[in-house]
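The values are calculated or read from the model by the stated rules, or taken from the named source; none is laboratory data. All values reported here derive from a predicted model rather than from experimental measurement. Every residue, glycine as well, gets a Cβ built from its backbone with ideal geometry; the counts of neighbours run over all protein chains shown.
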Ligand SMILES: Cc1cc2nc3c(=O)[nH]c(=O)nc-3n(C[C@H](O)[C@H](O)[C@H](O)COP(=O)(O)O)c2cc1C
């Protein structure tokens with residue numbers, strides 16, 4: 001298969017604008033994968049399984065929430081080599097896609113505040129797209145977003161109602177505490193957040209006891225603009241309620257108040273991973289998100305204390321090859337750390 005330079009394809013996609021390009025890629029990726037068009041951009045991965053949250057992740061690299069928010073083509077995207085894919089955000093009521101612009105020179109994405117989300121029903125309908133991926137050992141996360149407001153009952157129900165419906169369909173669930181805002185939740189709502197965390201854990205226990213369901217790992221995602229004191233407070237809550245991981249960070253705050261991703265989020269993402277890593281001392285896994293645009297960025301997050309990393313903007317600016325390259329770079333480093341170079345037995349890049 002001839003390899004068309006990624007820059008050329010990227011120029012065409014950028015001409016379409018972000019929303020149309022996203023729709024175009026998501027509607028066609030399964031077909032391109034089956035026809036072998038993607039093969040020249042990916043390669044066989046080194047084996048690098050990692051046990052985390054009671055799950056076996058095939059490698060450290062995941063797709064961040066929002067890219068395939070309706071779970072339309074999980075297996076197609078999985079073919080790029082992702083060890084885990086987080087779909088959503090999902091909520092009881094769908095919210096339309098937000099206006100975003102791509103800042104090509106700085107490799108950043110700027111969106112208006114708020115996050116588009118899919119309805120639970122839509123994601124449940126689409127989840128058959130994940131079957132092949134999960135059969136191959138890929139890990140499926142579902143990201144639930146709920147509005148954090150003054151009303152504690154309303155806040156916790158916004159997370160618990162989708163959790164009940166999605167429980168049987170995910171390998172893990174992420175509670176997205178950003179409410180779609182890059183500054184995260186207001187410190188005055190700590191009580192509502194703490195109660196929600198408690199209720200979510202109780203609901204999981206209830207589902208296990210009354211319906212015989214297995215333990216479902218639950219992580220929590222925080223915003224890049226959340227202040228450090230609140231982040232550390234939240235980390236303590238997650239330890240107290242025995243959550244399974246923290247995802248840091250979602251979008252950061254731009255000068256004009258927009259939600260920034262990509263390179264513009266890089267420094268804050270590293271800062272937060274370091275802050276959490278020092279505070280948590282290995283007692284809660286960290287999943288890094290934000291500004292991971294190159295294999296070195298992925299390695300830097302792992303060095304800073306992350307167990308897994310998630311890519312979003314990197315896929316847009318640097319193409320599908322980034323997944324396997326980042327996975328291999330981290331795998332090499334981890335194996336060197338272990339002092340044992342495993343045999344480089346290729347396993348087709350097909351998670
Ligand atoms: C257009 C867009 C939509 C997003 N939608 C979601 C979402 O639905 N849920 C979520 O948790 N994060 C969402 N995010 C945040 C990403 O998952 C990721 O955390 C963030 O973009 C930082 O990673 P990056 O710098 O690699 O892009 C979205 C980001 C962008 C740019």
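Would you say residue 234 is in contact with a strand residue (DSSP E or B) (Cβ under 8 Å, 6 or more places away or on another chain), away from the ligand (no atom under 13 Å from the Cβ), under 23 Å from residue 150 (Cα atoms) and in contact (Cβ under 8 Å) with a residue 12 or more places away in the chain? The answer is yes for residue 234. Residues that are surrounded by fewer than 19 Cβ atoms within 10 Å (Cβ to Cβ) and more than 16 Å from the ligand (Cβ to nearest atom) do not occur anywhere in the range 286-296. Among the residues of the range 213-227, those identified as surrounded by fewer than 24 Cβ atoms within 10 Å (Cβ to Cβ) and modelled with pLDDT of 95 or more are 213, 214, 215, 216, 217. When residue 51 is tested against the conditions (1) touching a residue at least 12 places away in the same chain (Cβ under 8 Å); (2) over 23 Å from residue 249 (Cβ atoms), the lone failure is (1).
Filtered by the rule that a residue be at pLDDT 95 or above and away from the ligand (no atom under 14 Å from the Cβ), the range 139-156 gives 139, 140.
Of everything in the range 85-100 that's touching a helix residue (DSSP H, G or I) at 6+ places or on another chain (Cβ under 9 Å), within 10 Å of the ligand (Cβ to nearest atom) and outside any loop (DSSP other than H, G, I, E, B), which residue is nearest to residue 264 (Cα to Cα)? Checked the range 85-100; the qualifying residue nearest to residue 264 (Cα to Cα) is 100.
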